[in-house]
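The values are calculated or read from the model by the stated rules, or taken from the named source; none is laboratory data. These figures come from a predicted structure and were not determined experimentally. Positions of Cβ are backbone-derived with ideal geometry, glycine not excepted, and every protein chain shown enters the neighbour counts.
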Amino acid sequence: MGGFFERVDPIVVAHGGYLNKHIGDCVMGVFGAPISYGNDAVRAVHAALEIRDAVSELAEVHGRRLQIHAGVAAGQVVASTTGSVTHHEYTVTGESVNLASRLAAAAPPGDILISEAVMRMTRGKIDCVDAGWLNVKGFAEPVRAWQVVRRRTEASTEAEPLVGRHAELQIFGAATASCRASGRGQAFYVRGEAGIGKTRLVEEFQRVARYGGFDCHSALVLDFGGGAGRDAIGALVRSLLHVSLTDGPAASHAGLDSAMAAGLVHQDELVFLNDLLDLPQPPDLRVLVDAMDNEARRAGRIRVPASLVQRASCAQPILVVVEDVHWADETTLAQLLSGEMKN
Ligand SMILES: Nc1ncnc2c1ncn2[C@@H]1O[C@H](COP(=O)(O)OP(=O)(O)OP(=O)(O)O)[C@@H](O)[C@H]1O
Ligand SMILES: [Mg+2]
């Protein structure tokens, strides 16, 4: 069980979940409290899927049959700090917590059951099938359950139609036209209350831009699990170099080589790009890094991604979207501002 928790707990945390507690051999993770990131339901289901894969790997290593069953529910909860004077614990209680636990109990080995609410919140991002109605202790009426099949990688094609936002779309349309005509870029900040429709609007911008011949790249600033390769600027650089995080170092090196051949990257920038892509420095560059002071390192990290965008945009206009900039650290903000001024 130690090995199981060691494997599962970090997956919850890496998806922005709060590791609430272990109950027997159960792990309870909370998404959206104490902090909500907007896509909490999707991340909860992604975490469950990753846990399922991790545990089947674990089973192989130990040569035993080991399968998880999981439940994901969503709704209003009561969040509070409980405990005694010496030990404080943040926890959530309520109907949804109860339902998640019942769904987990009802799920056959290897299955993930989600509630109707979670199915609706993950529509287009997760494929699931109807698992019928369950009689759940504590609920007067039978509850509808859905079985998770897989996560979807391609963007949803069945999005609800956009309502309104004519003024914003007009401004954006004019900006893309002016960008094409003048060769000069523009930056937009989309700000608004939680849930007002920022992401949906920006998705529409991307659709419009793509239609107008723009090359689109997007990244997300997360304030959790910012481990290797998860930072927004690193993700943008990867996207511009056409390498994916899962491809491994060889693919990143190949991406850098072809970008150099295409003139997108200069020799003296390699040291910073290795850094941004979490690649080990070859011995000759290692010497250079050691000789560099912090200020030079920082300046390079800030300057190089902007130069890459600028050169790439000579061939084709580019739209770069960065979501949730309010979580960005100081370096990420400096990198974004540098890009904005250059382009
Ligand atoms: N103009 C619109 N037409 C149709 N649906 C919309 C529109 N704007 C938003 N929605 C829907 O409303 C919901 C919330 O919108 P969205 O996620 O874009 O908000 P947000 O401002 O990005 O939220 P957050 O602050 O949590 O990031 C989504 O389901 C989205 O599809
Ligand atoms: Mg949003």
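The table that follows gives values for the structure above.
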| quantity | calculated |
| --- | --- |
| The stretch 221-248 residues that are under 9 Å from residue 277 (Cα atoms) and surrounded by 17 or more Cβ atoms within 10 Å (Cβ to Cβ), paired with ones that are β-branched (Val, Ile, Thr) and modelled with pLDDT under 80 (beta carbon under 6 Å, 6 or more apart) | none |
| Those residues of the stretch 1-30 which are under 27 Å from residue 220 (Cβ atoms), touching a residue at least 40 places away in the same chain (Cβ under 8 Å) and not aliphatic (A, V, I, L, M), in sequence order | 7, 15, 16, 18, 20 |
| Residues located in the stretch 1-31, provided they are within 16 Å of ligand 1 (Cβ to nearest atom) and modelled with pLDDT under 90 | 16 |
| Test: residue 303 is away from ligand 1 (no atom under 16 Å from the Cβ) and under 27 Å from residue 172 (Cα atoms) | yes |
| Any hit, the stretch 287-305, residues being within 27 Å of residue 201 (Cβ to Cβ) and not aromatic (Phe, Trp, Tyr) | yes |
| Looking only at the stretch 208-221, and only at residues there that are aliphatic (A, V, I, L, M) and not in a helix (DSSP H, G or I), the one that is nearest to ligand 2 (Cβ to nearest atom) | 220 |
| Selection count where residues are at pLDDT below 85 and not small (Gly, Ala, Ser), scope the stretch 208-227 | 5 |
| Index of the failed condition, residue 29 passing every other in (1) crowded, with 16+ Cβ neighbours inside 10 Å; (2) out of contact with any Gly (no Cβ under 6 Å at 6 or more places or on another chain); (3) not in a helix (DSSP H, G or I) | (2) |
| The stretch 191-207, residues that are farther than 11 Å from residue 168 by Cβ, outside any loop (DSSP other than H, G, I, E, B) and more than 18 Å from the chain's Cα centre (by Cα) | 207 |
| Residue, surrounded by the fewest Cβ atoms within 10 Å (Cβ to Cβ), within the stretch 1-17, restricted to residues that are outside any loop (DSSP other than H, G, I, E, B) and more than 16 Å from the chain's Cα centre (by Cα) | 2 |
| Residues located in the stretch 169-190, provided they are buried (at least 16 other Cβ atoms within 10 Å of the Cβ), of a type outside the set (A, V, I, L, M) and assigned to a helix (DSSP H, G or I) | 172, 176, 179 |
| Some residue of the stretch 323-343 being more than 16 Å from ligand 2 (Cβ to nearest atom), under 28 Å from residue 194 (Cα atoms) and among the β-branched types (Val, Ile, Thr) | yes |
